[in-house]
Amino acid sequence: MNKSIAIELKQPATAPEHTRQTSVTPTCRFCQAPLKQTFVDLGMSPLCESYIRADQLDAMEPFYPLHVRVCESCYLVQLPEYVSREHIFSEYAYFSSYSDSWLQHASKYVAMISQRLDLGKDSLCVELASNDGYLLQYFVEKGIPVIGVEPAANIANAAEKKGVPTLIKFFGVETALQMVERGQAADLIIGNNVLAQVPDLNDFVAGIRILLKPQGVATLEFPHLQRLMEHNQYDTIYHEHFSYFSLITAEKIFAAHDLVLFDVEEIPTHGGSIRIYVRHADDGSKPVTSAVVGLRERELALGLDCMGTYASFSEQVKESKRSLLELLIQLRREGKRIAGYGAPGKGNTLLNYCGIRTDFLEFTVDRNPYKQGRFLPGTHIPILAPELIEKSRPDYILILPWNLLAEIMAQLAYARKWGAKFIVPIPQAQVFP
């Protein structure tokens, strides 16, 4: 690419087993400025995807702080790396293909981007954190070559069975250089909901610059910080999510690595996300669109470049917790039975922060067989198969993956036979008939 690569690979921190030691005053993972300003403190919580087997229920369970700070220099909202990425992601319980709406989202994206970039049999599409091949399978159907990069071996194996070639690796400078040496530079790099899960942002973004062909495009999707703040989406904060992004902060990060955000789309996934389009700084064929300018101006008008804007979020979260607990306490005192639907990572943050255990929620159900028969981390609420909803006939069903509300309410339409109602906890507790 005729550009020198000047980035220092970080050495693993010296710490017992998989934990990280954080300093008294942590520093920003992007710009290294001291982190002094609290965004929200959700107390102590277990790893949200560490589902418990029955034989582990009486064992010690590690909890880590969920104390989120915001950088006064670049406005990156972030959580320290209390636990190493290897411990979190080397085996993972989240399989993307168990959500019908997420598969539809992936299929529409592939159709759109294939046409927009004129991708064909001579192109190469690389997805970072490609999970179980949920997205790349649609490129394979079109005859477009793909490579997935996925650190969790159990999930990568599922992708291989779908015909999706997958490297079982974490992505960064080292992996990018190895791929380029093998002739695997990419016309398109995809990163859906992975940027937030990267502890070393500079290494990851520098890797994108290395792997991307001179005229190539990278698209990345991540929950939009503006939406998180507006709608009290505090449950999307957990140890697997190290960072939370506005457009203005994302622009700073990519610009530091000679990459330009030239287009952006606001999309409804995960309660409100943005999809950014990235190119090399010296690629003049893709001008910055009015969508980028417009969203940047809106964020500035909302004060996302002012520390005072971030100060009120913590109280919003406390009030959201109070409203949910008031509702659940009232229902339980009336003798109503409550079950949960879903076992997502966000649900575990919510349940642990609010102190909701089997005294409120008898059980939850999930379509993922990997989770069935296990227990939620921290709260130890049992995870059962979806058929148990109809067998037990609860009065209320708490929807934990609220971002999939329409899909789940359609799946549970049969529950109206006995008058069951749905509870959505975010942004404030609300009951749906």
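The values are calculated or read from the model by the stated rules, or taken from the named source; none is laboratory data. This structure is a prediction, so every number in the text was calculated from the model and none was measured. Counting neighbours? That spans all protein chains shown, and the Cβs are built from the backbone with ideal geometry, glycine included. Heavy atoms of the whole protein, side chains included, go into the accessibility calculation; ligands, DNA and RNA do not. Shrake-Rupley method; radii C 1.70, N 1.55, O 1.52, S 1.80 Å.
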Close pairs (7 angstrom Cβ cut-off, 6 or more residues apart or separate chains): under 19 Å from ALA158 (Cβ atoms) in segment 370-383, open to solvent by less than 60 Å² (accessible area, probe 1.4 Å) and part of a loop (DSSP other than H, G, I, E, B) anywhere
TYR370/ALA93; TYR370/PHE95; LYS371/TYR51; LYS371/ALA93; LYS371/ALA343; GLN372/ASP366; GLN372/ALA385; ARG374/TYR51
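Here's the yes/no breakdown for (1) over 23 Å from the mean Cα position of the chain (by Cα); (2) over 23 Å from VAL194 (Cβ atoms); (3) of a type in the set (Phe, Trp, Tyr):
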| residue | (1), (2), (3) |
| --- | --- |
| VAL292 | no, no, no |
| ALA301 | yes, yes, no |
| VAL317 | no, yes, no |
| LEU327 | yes, yes, no |
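From the residues in segment 83-109 that are open to solvent by 50 Å² or more (accessible area, probe 1.4 Å) and of a type outside the set (D, E, K, R), which one is modelled with the highest pLDDT? Show your work before the answer.
Applying the first criterion (open to solvent by 50 Å² or more (accessible area, probe 1.4 Å)) to segment 83-109 yields 85-87, 90-91, 94, 98, 100, 104, 108.
With the extra rule that they be of a type outside the set (D, E, K, R), the set shrinks to 87, 90, 94, 98, 104.
Values: HIS87: 63, SER90: 49, TYR94: 52, TYR98: 62, GLN104: 93.
Among those residues, the one meeting the criterion is GLN104.
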Is it the case that segment 242-252 has a residue that's over 30 Å from GLN428 (Cβ atoms) and open to solvent by less than 10 Å² (accessible area, probe 1.4 Å)?
no
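Find the strands (runs of 3 or more DSSP E) located wholly in segment 349-433 whose residues include 2 or more that are open to solvent by 50 Å² or more (accessible area, probe 1.4 Å), and list them. First the steps, then the outcome.
Values: elements: 396-399, 421-424, 430-432.
Correct list: 430-432.
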Residue count for segment 44-64, restricted to those that are within 12 Å of ASN352 (Cβ to Cβ) and not aromatic (Phe, Trp, Tyr):
7
What residue, of GLU266, GLU297, GLU251, GLU221, is among the acidic types (Asp, Glu) and without any contact (Cβ under 8 Å) to a residue 24 or more places away in the chain?
GLU297
Condition met for GLU174 (modelled with pLDDT under 95, in a helix (DSSP H, G or I) and among the acidic types (Asp, Glu)):
no
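Out of TYR310, TYR238, which single residue is of a type in the set (Ser, Thr, Tyr), in contact (Cβ under 8 Å) with a residue 60 or more places away in the chain, in a loop (DSSP other than H, G, I, E, B) and closer than 29 Å to ILE399 by Cβ?
On the way: TYR310 fails: in a loop (DSSP other than H, G, I, E, B).
Among TYR310, TYR238, only TYR238 is of a type in the set (Ser, Thr, Tyr), in contact (Cβ under 8 Å) with a residue 60 or more places away in the chain, in a loop (DSSP other than H, G, I, E, B) and closer than 29 Å to ILE399 by Cβ.
So which residues in segment 171-195 are under 27 Å from HIS270 (Cβ atoms) and either of a type in the set (Asp, Glu) or surrounded by 22 or more Cβ atoms within 10 Å (Cβ to Cβ) (or both)?
First, the residues of segment 171-195 that are under 27 Å from HIS270 (Cβ atoms): 171-172, 175-176, 186-195.
The answer is PHE171, GLY172, ALA176, ALA186, ASP187, LEU188, ILE189, ILE190, GLY191, ASN192, LEU195.
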Residue list for segment 110-161, restricted to those being touching a residue at least 60 places away in the same chain (Cβ under 8 Å) and either part of a helix (DSSP H, G or I) or open to solvent by 40 Å² or more (accessible area, probe 1.4 Å) (or both)
ILE113, LEU117, ALA153, ASN154, ILE155, ALA158
Filtering segment 200-217 down to residues that are over 21 Å from LYS121 (Cβ atoms) and open to solvent by less than 20 Å² (accessible area, probe 1.4 Å) yields LEU201, PHE204, VAL205, ALA206, GLY207, ILE208, ILE210
Conditions: (1) within 26 Å of VAL146 (Cα to Cα); (2) open to solvent by 10 Å² or more (accessible area, probe 1.4 Å); (3) at pLDDT 95 or above; (4) not in a loop (DSSP other than H, G, I, E, B). HIS270 meets all but one. Number of the miss?
(3)
